[in-house]
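J.: Below is a structure I'd like to ask you about.
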Amino acid sequence: MKQPGTSIPFTLPEVYHGLAEGHGRLHVGEEGLRLEYRVKDAVFGVLKSAVREVFLPYDDIEDFEYREGWYRRRFFIHISSMQMAADFPGADEGHIVLRFRKVARERLRSVASQITLQLSEHRLRQIENDDNWPDTL
């Protein structure tokens, strides 16, 4: 069952080669993923950017991975265009890495499953709407 409005906090690894920290929230919606984030300096934590936002429609997400290790839990979002995340800190060659520290593993697994389900349903709708797809098999 879909859970509309799901959101979880994330951190951004290696912002500006360790000179800054990034924190934000990932929002999972029916049309795509919305990333709200803020960057602040890592030394004093005083200089903060304004809250910024990037929207990644499911049409432009090529792949999504959840990787879990002993100390690291990360989402890897592979997007079709580098331009979409040009201003997102740490976005590199069409992929975004989100790290999770204070989120329970079970919660992350649930959100990862929800994102995978949303992507799958979106792709199925695209196939159903494709005029070249045969009506009968």
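J.: I'm trying to understand the selection: among the residues of the range 64-95, which are more than 23 Å from residue 51 (Cα to Cα), out of contact with any Phe, Trp or Tyr (no Cβ under 8 Å at 6 or more places or on another chain) and part of a strand (DSSP E or B)?
T.: 68, the sole residue that qualifies.
J.: Another one. Can you tell me which of 98, 119, 56 is at pLDDT 90 or above, touching a helix residue (DSSP H, G or I) at 6+ places or on another chain (Cβ under 7 Å), aliphatic (A, V, I, L, M) and assigned to a strand (DSSP E or B)?
T.: After ruling out the rest, the residue left standing is 56.
J.: While we're looking at this one, here's another question. Go over the candidates 123, 52, 105 one by one and state the one that is surrounded by 11 or more Cβ atoms within 10 Å (Cβ to Cβ) and closer than 21 Å to residue 10 by Cα.
T.: After ruling out the rest, the residue left standing is 52.
J.: Criterion first (surrounded by fewer than 15 Cβ atoms within 10 Å (Cβ to Cβ) and on the phi > 0 side of the Ramachandran plot) does residue 93 satisfy it?
T.: Yes.
J.: Among (1) surrounded by fewer than 14 Cβ atoms within 10 Å (Cβ to Cβ); (2) modelled with pLDDT of 90 or more; (3) among the small types (Gly, Ala, Ser), there is one condition residue 112 misses while meeting the rest; what is its number?
T.: (1)
J.: Still on this structure, I have one more. In this structure, does residue 69 turn out to be at pLDDT 85 or above, loosely packed, with under 13 Cβ neighbours inside 10 Å and more than 11 Å from the chain's Cα centre (by Cα)?
T.: Considered against the rule, which asks whether it is at pLDDT 85 or above, loosely packed, with under 13 Cβ neighbours inside 10 Å and more than 11 Å from the chain's Cα centre (by Cα), residue 69 comes out as yes.
The values are calculated or read from the model by the stated rules, or taken from the named source; none is laboratory data. Small disclaimer: the values here were computed from a predicted structure and weren't measured. Don't worry about glycine lacking a Cβ; one is built from the backbone with ideal geometry, like all the others, and counts go over all protein chains shown.
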